[in-house]
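The values are calculated or read from the model by the stated rules, or taken from the named source; none is laboratory data. Being a predicted model, the structure only gives us computed values, none of them experimental. Every residue, glycine among them, receives a Cβ derived from its backbone with ideal geometry; neighbour counts consider all protein chains shown. These area figures cover heavy atoms from the full protein model, side chains too; ligands, DNA and RNA do not enter into them. Shrake-Rupley method; radii C 1.70, N 1.55, O 1.52, S 1.80 Å.
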Amino acid sequence: MSLFSRNISRSATRLSLSSRLASPAAAFPLRTASAFAAPSTPKTTFPAAGRRLAKFSTMSTFNAELKPDTTAKTLQDNAAADVDQVLKDIADYVHNYKIESPLAYETARLCLIDTLGCGLEALNFEQCAKLLGPVVPGTVVPNGTRVPGTPHVLDPIRGAFNIGTAIRWLDYNDCWLAAEWGHPSDNLGGILAVADWLARTAKADPSAGIKVPKINDVLEAMIKAHEIQGCLALENSFNRVGLDHVVLVKVATTAVVSKLLGCTHKQTIDAVSQAWVDGQSLRTYRHVPNTMSRKSWAAGDACSRAVNLALLVKNGGVGGINSVLTAKIWGFYDVLFKGKEFKFQRPYGSYVMENVLFKISFPAEFHSQTACEAAMTLHQELKKSGKTVDDIKHIRIRTQEAAIRIIDKKGPLHNYADRDHCIQYMVAIPLLFGRLTATDYSDKVASDPRIDELRAKMECVEDLKFSEEYHSPEKRSIGNAILITFKDGSTLKEVEVEYPVGHKFRRDEGIPLLYEKFARHLRGRFDEAKASKIEQASQKGKVENLDVDQYVDLYVTEK
C-alpha cells in the first residue's frame, strides 16, 4: 500500500470512528462484555525491499485532514485572534460580578468546614500523608502557606498540592453531577493556599501594601470557583472524550486565584487561557482496568498547576492565548473536544454553590450514595426477616446510566481506589456490617470472602427515569433502588432512595449531620480543647471576619 493510500485509509478510519462516537449509545454500550475486550494488536506493514516510497509531504497529509471550512489561507493568516468569549465571560464574572446571595455564602461556609474536615481525616491514612510536605525535606518557606493538620510551611504552589490532595483523598467532600462530574470544593486547595500565603506576606511586610484576605474573601472565591466549574460541567461532558474533570478545577482555580493575587482583568484572561492549553489529565486512572490512587491526588495536582500558571502571568509577564479554545486545528475544541464548542445552560451567578451536593453519610463515590443508604435499610430488614446474606440468590440495583459507566465493576478489586469506585462493593459492606467507613476499603476488610460472594450476586440495570431526572435542573436526583431475591424465591420489598442526605432537598436533615461529621473529623486529629476552639471560631457570623492566617493557624500542628 502506498503512503498516499495509507493516509486515505487512516482518514477513513477516523471518519468511521467519529461517526460511531457521535452516538452515546454506540460509544458507551452498557453491560456489553465485548465493549471491554482488549483491542487486537495492529499490524505494521513495511514496503518490500527495494520498493521506492512516494515523496513524503507533511503539509499534503495535513491539508488532506482539514475540515472543509478550514482553508490554507485561514491557517496562514497571522492576524491577532479575538479573545475567546468563554475566557471573557470567566474574567468578567470573577472581576465584576458581586455575590449577594446569603444562601450561597452560608453554603460556602458549610462547604469550607466540611472540606477542611475531610482533609484532616485523610491525614490518618499513610498513603496520603506520605505525599505531603515539601519536595526537599526540611524546607520551610518564609511566610509560607500552612497545611491544616500538619506542621508544613510551603510555597503556595506546593501548598495547593498538599491541601488539595488531602481534601480529595477520601472522596468525601462535596459533589456536582451533570454532563460532567466533579467536586467543586477541590478548588479550596488553591484558594486557601494562596489566601493564607498572601495574609502572612502582608503582615510580614505591611509596607508592601498587600491586603490581608479575610475568610469572607475565601468564601467568595469558593462560590465563584464552584460556579465556573459547575456551569462548565452542566452541558459539557469531558468524560465523553476521555478527559478527567480536574481540567475544570484547574480552570476555575486559576481564575479565582488570579483575582486574589491582584491580577488585572486581562491577566485573568491570560491565566485562564494558559489553564486550557495546559496538558489535561486522562480519566483512565478512574476506570477499569487502571483505577488507582492518582484519582485521589489529581485535584491537588490541578490546584498546584493553577496557582503556578496564575503566578507566571502575574509575576513573570506570561501572556495569553486568545483563541486557545477556538483556533482551527490547534485549539482545545478541535484537538480535545471533537470540534464541538462549549454549551452553557445558564449565566454565571451563585447557582452551583446553592445547589451543591454534600457527601455526608458515606465516604463513597456519589452515584452510589443512595444505594448505600438503601443497603443500610436492607441490612435491618434482613435481620427482621430472620435471614442472612447467605440466603440471598440475587441482588438487583436499579441505577442511573452514569453510575453504570463509572462504578459498575466485575472481577477483582486491586486497591482502595478500586473499591471506593465499585457500587457492588459499596452495597455489600452495608448489607454485611450495617456500616460504610473509610477503613472499609482497606485490604484487611476486603479480604472477607463474603464481600466478593455478594458482589457476584449483584446486577446493575439502568432505570431511564433515574437517568432523566439525574440531568433535570429542577431535580438533579441521584436515584438508586435495591431488590433482594432469596434462594427460596421470596423477596424483600425493594428499597428506593432518590435523593441523598446531602442533596438540597434534604438540606434541613443534612446540616446537623454535616456538623457531626466535622466534629468527628476534628477529634480524629486534635484534642478536645483544640477541636472545640475550631468549632467556636467556625460559627456563622464569626469566621467570615477572621484573617485567613488566623483561622488556618487554628488547624496547624507542631508535628
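For region 351-389, taking the residues that are open to solvent by 20 Å² or more (accessible area, probe 1.4 Å) and assigned to a loop (DSSP other than H, G, I, E, B), the one that is nearest to Ile478 (Cα to Cα) is identified as Ser361.
Here's a check for you: in region 121-159, which residue that is within 22 Å of Val307 (Cα to Cα) and part of a helix (DSSP H, G or I) is nearest to the chain's Cα centre (by Cα)? My answer is Cys128.
Pairs are defined by a Cβ separation below 7 Å, a sequence spacing of at least 6 or placement on different chains, a first member in region 121-135 that is more than 17 Å from Gly524 (Cα to Cα), and a second member that is aromatic (Phe, Trp, Tyr); the pairs so defined are Leu131/Trp297. Scanning region 303-318 for residues that are out of contact with any Lys or Arg (no Cβ under 8 Å at 6 or more places or on another chain) and either open to solvent by 40 Å² or more (accessible area, probe 1.4 Å) or at pLDDT below 95 (or both) yields Asn308, Leu312, Lys314, Asn315, Gly316, Gly317, Val318.
Here's the yes/no breakdown for (1) within 18 Å of Val251 (Cα to Cα); (2) of a type in the set (Asp, Glu); (3) at pLDDT 95 or above; (4) in contact with a Phe, Trp or Tyr (Cβ under 6 Å, 6 or more places away or on another chain):
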| site | (1), (2), (3), (4) |
| --- | --- |
| Gly133 | no, no, yes, no |
| Asn143 | no, no, yes, no |
| Val153 | no, no, yes, no |
| Asn162 | no, no, yes, no |
| Leu170 | no, no, no, no |
| Ala178 | yes, no, no, no |
| Ser185 | yes, no, yes, no |
| Leu192 | yes, no, yes, no |
| Trp197 | no, no, yes, no |
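Exactly one residue among Lys465, Lys493 is open to solvent by 60 Å² or more (accessible area, probe 1.4 Å), assigned to a helix (DSSP H, G or I) and at pLDDT 95 or above, and that residue is Lys465. Just wondering, is there one or more residues in region 207-218 that are crowded, with 24+ Cβ neighbours inside 10 Å, in contact with a helix residue (DSSP H, G or I) (Cβ under 8 Å, 6 or more places away or on another chain) and hydrophobic (A, V, I, L, M, F, W, C)? Scanning region 207-218, I find at least one residue that is crowded, with 24+ Cβ neighbours inside 10 Å, in contact with a helix residue (DSSP H, G or I) (Cβ under 8 Å, 6 or more places away or on another chain) and hydrophobic (A, V, I, L, M, F, W, C), so the answer is yes. Scanning region 329-348 for residues that are farther than 14 Å from Ser237 by Cα, open to solvent by 10 Å² or more (accessible area, probe 1.4 Å) and not aromatic (Phe, Trp, Tyr) yields Ile329, Asp334, Val335, Arg346, Pro347. For Lys98, the test of being closer than 30 Å to Gly331 by Cβ and surrounded by fewer than 21 Cβ atoms within 10 Å (Cβ to Cβ) is failed. For region 462-478, check the following and say yes or no: at least one residue is under 24 Å from Leu170 (Cα atoms) and free of Cβ contacts under 8 Å to residues at least 40 places away in the same chain. Yes, there is a match, as at least one residue in region 462-478 is under 24 Å from Leu170 (Cα atoms) and free of Cβ contacts under 8 Å to residues at least 40 places away in the same chain. Taking region 232-261 as the search range and keeping residues that are in a helix (DSSP H, G or I) and of a type in the set (D, E, K, R), which one is least open to solvent (accessible area, probe 1.4 Å)? In this case the residue turns out to be Lys250. In the set Arg520, Arg525, only one residue is within 20 Å of Glu121 (Cα to Cα), of a type outside the set (Gly, Ala, Ser) and assigned to a loop (DSSP other than H, G, I, E, B); that residue is Arg525. Does region 419-438 hold any residues that are in a helix (DSSP H, G or I) and modelled with pLDDT of 95 or more, and which are they? Within region 419-438, Arg419, Ile423, Gln424, Tyr425, Met426, Val427, Ala428, Ile429, Pro430, Leu431, Leu432, Phe433 meet the criteria.
For region 187-208, how many residues meet the condition of being among the charged types (D, E, K, R) and over 18 Å from Leu154 (Cβ atoms)?
Taking region 187-208 and keeping what is among the charged types (D, E, K, R), we get 196, 200, 203, 205.
After this cut, where a residue has to be over 18 Å from Leu154 (Cβ atoms) as well, the list is 205.
Total satisfying the criteria: 1.
Given the criterion under 18 Å from Lys259 (Cβ atoms) and crowded, with 24+ Cβ neighbours inside 10 Å, identify the matching residue among Gly149, Gly164, Gly182, Gly190. Show your work before the answer.
Working: Gly149 fails: under 18 Å from Lys259 (Cβ atoms); Gly164 fails: under 18 Å from Lys259 (Cβ atoms); Gly182 fails: under 18 Å from Lys259 (Cβ atoms).
The match here is Gly190.
Being at pLDDT below 95 and assigned to a loop (DSSP other than H, G, I, E, B) is the filter; apply it to region 206-217 and report the residue that is farthest from Ala104 (Cα to Cα). It comes out as Gly209. Comparison of Asp114, Asp82, Asp89 shows that the only residue that is in contact (Cβ under 8 Å) with a residue 24 or more places away in the chain, out of contact with any helix residue (DSSP H, G or I) (no Cβ under 8 Å at 6 or more places or on another chain) and assigned to a helix (DSSP H, G or I) is Asp89. Would region 282-302 turn up any residue that is open to solvent by less than 60 Å² (accessible area, probe 1.4 Å), touching a residue at least 60 places away in the same chain (Cβ under 8 Å) and acidic (Asp, Glu)? Yes.
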